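So the structure is just underneath, and the comments pick up after that.
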């Protein structure tokens, strides 16, 4: 009897790691991605392609493919965090960051083709690639908050984006200031959620990385909340961001659109009306 119990115990302990190992970020991309598309009324025929290297999503509007970098997925540990990676990419598409980069790419490629000197052509093409693979800090932060809107609409925890960005490598400035990785972006997300979706912040996110982030920012929050001038300034800044965002959405909707992504007015309507503040 004791041998039987021991055998069952060993079998159970071996089975637990086996079950845990079945979750794979790469494998979850199609399901999580489709959930985000479906719940936000975005084109359902879009497919997700996991890539080994960074690839610009500047052609997503025409080939209905969204590229997700495998390296980024390596910083995820559950579906909420996979959703954060995907939503940030979609946020960049909705904000037309990819389209802007494509325009610059076409211009720099044309310039490169006009050079007789091979060295100058190579330099121009290198600059073009750098443009395609990098967004400005402002573009990144705008894509982040569009992404958390998408996540909320799809039923995922938007605080997961703070956690994922915190796991990714930060800047030298973060290190010099002894701040969490990508602190400016994560704090921007937190403030946006605190102002527009306070219930999401109140619900929290149960992982140590998020607890560490909260512990770091708590003194700042306490100081701001106890100072009426600082609190009023913060609220004014957030109201301005919300107003600019609504203006951007209205402008996007007014363009008419040439394809499925540009014509996805339902998603824009959802994003402009889904905040918890008037």
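Just so it is clear, none of the values below were taken in a lab; they were calculated from the coordinates. Note that this is a predicted model, so its numbers are computed, not measured. Because the Cβ atoms are built from the backbone with ideal geometry, glycine has one as well, and the counts that use them run over all protein chains shown.
Our summary of shape: the Cα atoms of segment 190-241 have principal axis extents of 32, 21, 14 Å, ordered from largest down, in whole angstrom. Full extension of the segment from residue 175 to residue 49, taken as 0.36 nm per residue of separation minus the current Cα-Cα distance, would add 42.1 nm. Residue separation of residue 207 and residue 238 scaled by 0.36 nm, minus their Cα-Cα distance, works out to 8.5 nm of gained length.
With 0.36 nm allotted per residue and the present C-alpha distance subtracted, the residue 199-residue 220 stretch has 5.6 nm of extension available. Taking the average, over residues, of other Cβ atoms within 10 Å as the packing measure, peptides 193-205, 222-234, 154-166 rank 154-166, 193-205, 222-234 from highest down. Residue exposure proxy: 47, 186, ordered by other Cβ atoms within 10 angstrom of their Cβ from fewest to most, comes out as 47, 186.
For the pair residue 230 and residue 78, a Förster radius of 25 Å applied to the C-beta separation gives a FRET efficiency near 0.10, rounded to the nearest 0.05.
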